[in-house]
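The values are calculated or read from the model by the stated rules, or taken from the named source; none is laboratory data. The model shown is predicted, which means the values in this text are computed figures rather than measured ones. Neighbour counts run over all protein chains shown; Cβ positions are idealised from the backbone, glycine included.
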Amino acid sequence: MAKRVLLIEDEPNIIEAISFILSRDGWTVHTQSDGVTALDRVRALPPDLVILDVMLPGKSGFDILREMRADATTAAMPVLMLTARGQERDRDLALKLGVTRFMTKPFSNAEVLEAVRTMAGG
Amino acid sequence: MAQRQLTGSRLRARRLDMGLRQADLAARAGISASYLNLIEHNRRRIGGRLLRVLAEALQADPSAFTDEAEAALMTRLRAAAAARGDTVELERVEDFAGRFPGWAGLVAAQDARLSALERQLRAARDRMAHDPALAASLHDVISAATAIRSTASILVGGEEIDADWQRRFHGNIHQDSQRLADASRALAGYLDAPADGGGVPMAPVEEVEAFLAAQGHHHPDLEFPDAPPQAAAALVAAASPPLGRAAADLALVHLDRYREDAQALPLAEFTAAAVAAGHDPAILAARFGADLDRVLRRLAALPDDPVHPPRGLAVCDGAGAILMLKPMAGFSLPRGAAACPLWPLYQALSLPGQPLRRTVALPGETAPRLECYALAVPRVPAGFNRAAPLVATMLVMPATDPADTADPVGPGCRFCPRTTCIARREPSAMATTDSASGL
């Protein structure tokens, strides 16, 4: 069975591009644009891996990650975080909150694919 | 730079007026003629006991030979050296200022300018880091770039993509390129013209300070009997250069209080009383039945006139932040840096309602002695069980009786040579000066 990835991101054209390359790579891609209901979606699915944007409407990616790590059912789920700000303190915060991988925009498709394959394999 | 006379030149002029030979005066003062010659040509600084002896021999008051501006210049040069110079010949600062007063003034002025620019740079950097408009604008650019990069690399990736998807991705790229164009144009526009009207932003308090200084801290338009509140607003509106919004609000608060002070203590009456009372705030407060802090502000606001001594004023809040500063020769407080806690202004904060009168002396033999009147009062009337924030006000004038013992104060720890001061909070960046007395 194809592995499931949940892409939590609010830019429609980024969603479309990432969905395309991951689907072509054999993933089943679910998407979620709203921050507030993102955690419910994670619990309902649940996916094998989450790609999480930092800047989301309603709720920040950091808050979602924090809540995921505090919940036993999602605490160990691999999370790839995407941010438009590569600042040191964002990276530090993400690591402190228990992110699996951290990537700054604009990323290359190859980077995303490599990260997702590694995280799912590991 | 105006040709103000240095101490040595004044001594020399006085000696020549009296028809005294250099050797004779030197003998009376117990120094060699060649040393006196150096002093007279401003190659050696002089102060303290030797100045008193020479002044006595010249039948004049020592203060006739000293120059507060010169002492202030020396303090500023030392501060400049402490802030930026590791290899400065500090022991020759007086020699330098004496021989090249113009250059010395330029060094001091450049240091002041550098400090102001550094503060502005910090403000600008903070703005870059925290401005939500800039962050949003950058986010737009990066999002569009991300989408374009990802989509374009799918199209050129060499793998077969069906026609529907191709059309779709082409459309997306077109759309995102439009977004990128708009976002980058907005970003360039934002960086071109800062929101507050161009130039390097000044802190609002600094803007107000420059505005008030340009007016000489005296506002004739607010001195008329029954001057209306609109008169203050008109002054703010007419400010040149124009004040930013935050600065205009601050200036209006200041001028409103000025107007109230002026109405309570009318200029003509108060001027006459001040001269008669020798500018003693306590006598004036009793004479007019006025609050002492109002009298302090009013004295500082009197116009520059030979009948009044020079006056400085500082107002700070309970955290010691300077709300208003009118500097004078020998008196200034650093903005944006920690001041000397020994100023009566700060001591007043621990004794709310208790007026303090202190004679203080800055380090250095020739530094002027200053008479300080300070008082801290609640900013608004206190409510029951509710503390009101304090505001301290300090009026500074030259000390009238130089024989009075003076409390030490300093220019702030980093620039202060008093190494053994009990209030010291960080080491001095200055080499200790051997000539600093009264530690």
Next on the checklist: Can you tell me which condition B:GLU160 does not meet? The list is (1) of a type outside the set (Lys, Arg); (2) surrounded by fewer than 19 Cβ atoms within 10 Å (Cβ to Cβ); (3) in contact with a helix residue (DSSP H, G or I) (Cβ under 8 Å, 6 or more places away or on another chain), and all the others hold.
Outcome noted: (3)
Item to check | Residue, nearest to B:GLN178 (Cα to Cα), within region B:107-147, restricted to residues that are among the small types (Gly, Ala, Ser) and touching a Phe, Trp or Tyr at 6+ places or on another chain (Cβ under 9 Å) | outcome: B:SER137
Checklist entry - When the residues of region B:63-72 are filtered to those that are not hydroxyl-bearing (Ser, Thr, Tyr) and not in a loop (DSSP other than H, G, I, E, B), which remaining residue is surrounded by the fewest Cβ atoms within 10 Å (Cβ to Cβ)? => result B:ALA64
Item to check | Matching entry among B:VAL93, B:VAL107 (being modelled with pLDDT of 85 or more, of a type in the set (A, V, I, L, M, F, W, C) and either part of a helix (DSSP H, G or I) or under 22 Å from B:LEU51 (Cα atoms) (or both)) | outcome: B:VAL107
Checklist outcome for this item: Scanning region B:213-229 for residues that are within 13 Å of B:TYR258 (Cα to Cα) and in a helix (DSSP H, G or I) gives B:PRO220, B:ASP221, B:LEU222, B:PRO229
Checklist entry - Being surrounded by fewer than 20 Cβ atoms within 10 Å (Cβ to Cβ) and of a type in the set (Gly, Ala, Ser), is that true of even one residue in region B:298-305? => result no
Next on the checklist: If A:GLN87 satisfies all but one of (1) under 18 Å from B:ILE142 (Cα atoms); (2) in contact (Cβ under 8 Å) with a residue 24 or more places away in the chain, what's the number of the condition it fails?
Outcome noted: (2)
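Can you tell me which residue in region B:311-326 is farthest from the chain's Cα centre (by Cα), limited to those that are in a loop (DSSP other than H, G, I, E, B) and surrounded by 16 or more Cβ atoms within 10 Å (Cβ to Cβ)?
Here is the first cut: in region B:311-326, the ones in a loop (DSSP other than H, G, I, E, B) are B:311, B:318-321.
Narrowing further to those that are surrounded by 16 or more Cβ atoms within 10 Å (Cβ to Cβ): B:311, B:318.
Details: B:ARG311: 14, B:GLY318: 18 Å.
My answer is B:GLY318.
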Checklist entry - So which of B:ARG335, B:ARG379 is surrounded by fewer than 21 Cβ atoms within 10 Å (Cβ to Cβ) and under 21 Å from B:LEU77 (Cα atoms)? => result B:ARG335
Checklist entry - Quick check: anything in region B:73-81 in contact (Cβ under 8 Å) with a residue 60 or more places away in the chain, within 16 Å of B:LEU6 (Cα to Cα), part of a helix (DSSP H, G or I) and polar (S, T, N, Q)? => result yes
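Within region A:16-33, work out how many residues are facing chain B (nearest Cβ under 9 Å) and of a type outside the set (D, E, K, R). Don't jump to the end; show me each part of the working.
Narrowing region A:16-33 to residues facing chain B (nearest Cβ under 9 Å): A:16-18, A:20-21, A:24.
Subset that is of a type outside the set (D, E, K, R): A:17-18, A:20-21.
Residues that pass the stated criteria total 4.
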Checklist outcome for this item: Among B:ARG424, B:ARG358, the single one that is in a strand (DSSP E or B) and charged (D, E, K, R) is B:ARG358
Item to check | Filter result (under 20 Å from A:GLU11 (Cβ atoms) and surrounded by fewer than 17 Cβ atoms within 10 Å (Cβ to Cβ)) within region A:31-49 | outcome: A:ASP34, A:VAL36, A:THR37
Item to check | Of all residues in region A:1-13 being within 14 Å of chain B (Cβ to nearest Cβ) and under 13 Å from the mean Cα position of the chain (by Cα), the one that is surrounded by the fewest Cβ atoms within 10 Å (Cβ to Cβ) | outcome: A:ASP10
Item to check | Test result for A:THR118, more than 14 Å from every other protein chain (Cβ to nearest Cβ) and in a loop (DSSP other than H, G, I, E, B) | outcome: no
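Can you pull out every residue in region A:88-122 that is of a type outside the set (A, V, I, L, M) and touching a helix residue (DSSP H, G or I) at 6+ places or on another chain (Cβ under 9 Å)? Talk me through it step by step, then tell me what you get.
Looking only at region A:88-122, we keep the residues that are of a type outside the set (A, V, I, L, M), and these are A:88-92, A:96, A:98, A:100-102, A:104-109, A:111, A:114, A:117-118, A:121-122.
Passing the criteria: A:ASP90, A:GLY98, A:THR100, A:ARG101, A:PHE102, A:THR104, A:LYS105, A:PRO106, A:PHE107, A:SER108, A:ASN109.
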Item to check | Members of region B:382-406 that are within 24 Å of the chain's Cα centre (by Cα) and surrounded by 14 or more Cβ atoms within 10 Å (Cβ to Cβ) | outcome: B:LEU390, B:VAL391, B:ALA392, B:THR393, B:MET394, B:LEU395, B:VAL396, B:MET397, B:PRO398, B:ALA399, B:ALA406
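Restricting to region B:114-167, and then to whatever is among the β-branched types (Val, Ile, Thr) and without any contact (Cβ under 8 Å) to a residue 24 or more places away in the chain, can you tell me which residue is farthest from the other protein chains (Cβ to nearest Cβ)? Working first, answer last.
Of the residues in region B:114-167, the ones among the β-branched types (Val, Ile, Thr) are B:141-142, B:146, B:148, B:151, B:154, B:156, B:161.
Retained after the next criterion (residues that are without any contact (Cβ under 8 Å) to a residue 24 or more places away in the chain): B:142, B:146, B:154, B:156, B:161.
Details: B:ILE142: 4, B:THR146: 4, B:ILE154: 6, B:VAL156: 11, B:ILE161: 9 Å.
Looking at the filtered set, the residue picked out is B:VAL156.
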Next on the checklist: Return the residues of region A:88-115 that are within 14 Å of chain B (Cβ to nearest Cβ) and outside any helix (DSSP H, G or I); say none if nothing qualifies.
Outcome noted: A:MET103, A:THR104, A:LYS105, A:PRO106, A:PHE107, A:SER108
Item to check | Count - residues of region B:285-297 that are without any contact (Cβ under 8 Å) to a residue 40 or more places away in the chain, crowded, with 16+ Cβ neighbours inside 10 Å and assigned to a helix (DSSP H, G or I) | outcome: 5
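Select from region B:6-62 the residues that are basic (Lys, Arg), part of a loop (DSSP other than H, G, I, E, B) and modelled with pLDDT of 90 or more and list them in ascending order.
B:ARG21
Are any residues in region A:29-72 among the charged types (D, E, K, R) and in contact (Cβ under 8 Å) with a residue 40 or more places away in the chain, and if so, which ones? Before you say what the answer is, go through the steps one by one.
Narrowing region A:29-72 to residues among the charged types (D, E, K, R): A:34, A:40-41, A:43, A:48, A:53, A:59, A:63, A:66-67, A:69, A:71.
Matches in region A:29-72: A:ASP48, A:ASP53.
Could you tell me which of the residues A:LEU97, A:LEU52, A:LEU82, A:LEU65 is within 14 Å of A:LEU22 (Cβ to Cβ), buried (at least 19 other Cβ atoms within 10 Å of the Cβ) and at pLDDT 90 or above?
A:LEU82
Given the options A:ARG41, A:ARG85, name the one that is more than 30 Å from B:GLY158 (Cα to Cα) and within 12 Å of another protein chain (Cβ to nearest Cβ). Can you show your working first?
Details: A:ARG41 fails: within 12 Å of another protein chain (Cβ to nearest Cβ).
Being more than 30 Å from B:GLY158 (Cα to Cα) and within 12 Å of another protein chain (Cβ to nearest Cβ) holds for just one of A:ARG41, A:ARG85, which is A:ARG85.
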